[in-house]
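Written below as structure tokens is the structure these notes are about.
Nothing in this text is a laboratory measurement; each read-out follows from the coordinates by a stated rule. This is a predicted model, so every value here is computed, not measured. Here the Cβ is made from the backbone with ideal geometry for all residues, glycine too, and neighbour counts use every protein chain on show.
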Amino acid sequence: MSFVFKGIDHIQLAAPKGCEEQARGFFGNILGLEEIPKPENLLKRGGCWFKCGNQEIHIGVQEDFLPAKKAHPGFVVENLAVLRNSLTEKGVLIKEEPPIEGRNRFFVDDPFGNRIEFLEFMNEK
């Protein structure tokens with residue numbers, strides 16, 4: 001008998017203690033992601049969760065927090081240019097990186113300094 005990977009349920013980004021309001025401001029208000037309730041037994045850990053397509057983003061509290069400067073999630077977006085303009089208008093610094101064939105992309109930092117990539121495939125099937 002063997003097993004099969006079926007996808008990714010969630011990613012977790014670390015943040016410092018007391019991060020919840022900043023996380024809600026960025027992931028909820030700026031990016032427009034829907035906050036979803038954490039299970040009751042995990043509430044005492046702090047942090048908050050958001051829906052992103054069929055996956056979730058968990059913002060988790062880490063006592064000895066250091067932002068991830070290289071490791072990062074890459075979020076696939078439809079209408080990347082619209083997102084770029086929206087983020088720029090809201091004062092989010094866009095960081096350019098060399099292009100990858102077949103996709104447009106840019107990076108930002110979340111309020112805690114974690115690197116995040118947004119990309120759009122140019123010839124999606």
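Taking amide H as placed 1.01 Å from N in the peptide plane, the amide H of residue 13 sits under 5 Å from that of 58, 59, 60, each at least 5 places away or on another chain. Excluding same-chain neighbours fewer than eight residues apart, the aspartates and glutamates reachable from residue 69 by a Cα-Cα span under 14 Å are 97, 109, 110, 117. The trypsin sites (Lys or Arg not before Pro) found in the stretch 1-59 that occupy coil by DSSP, while having at most 10 further C-beta atoms within 10 Å, are 6. In the chain, the DSSP-assigned H stretches of four residues or longer account for a calculated mean residue ellipticity at 222 nm of -3000 deg cm²/dmol, using -39500 (n - 2.57) per stretch and the full residue count as denominator.
Take the Cβ atoms of residue 42 and residue 65, set R0 to 22 Å, and the FRET efficiency comes out at 0.80. Taking the charge dipole of the chain about its Cα centre, with +1 at Lys and Arg Cβ atoms and -1 at Asp and Glu Cβ atoms, the residue from 80, 41, 116 reaching farthest to the positive side is 41.
Along its first, second and third principal axes, ordered by size, the chain spans 50, 43, 25 Å in Cα coordinates. Look at 3, 118 and count the other Cβ atoms within 10 Å of each Cβ; fewest to most, that gives 3, 118. About the centre of its Cα atoms, the chain shows a dipole size close to 160 debye [charges on the beta carbon of Lys, Arg (+1) and Asp, Glu (-1) only; nearest 20 debye]. Cβ crowding within 10 Å ranks 36, 116 as 36, 116, fewest other Cβ atoms first. Express as a percent, rounded to the nearest 5, the fraction of DSSP beta bridges in the chain (both residues included) that run antiparallel. That works out to approximately 65 percent antiparallel. By the count of other C-beta atoms within 10 Å, a proxy for reagent exposure, 109, 64, 9 are ordered fewest to most as 64, 9, 109. Take the Cβ atoms of residue 123 and residue 1, set R0 to 30 Å, and the FRET efficiency comes out at 0.20.
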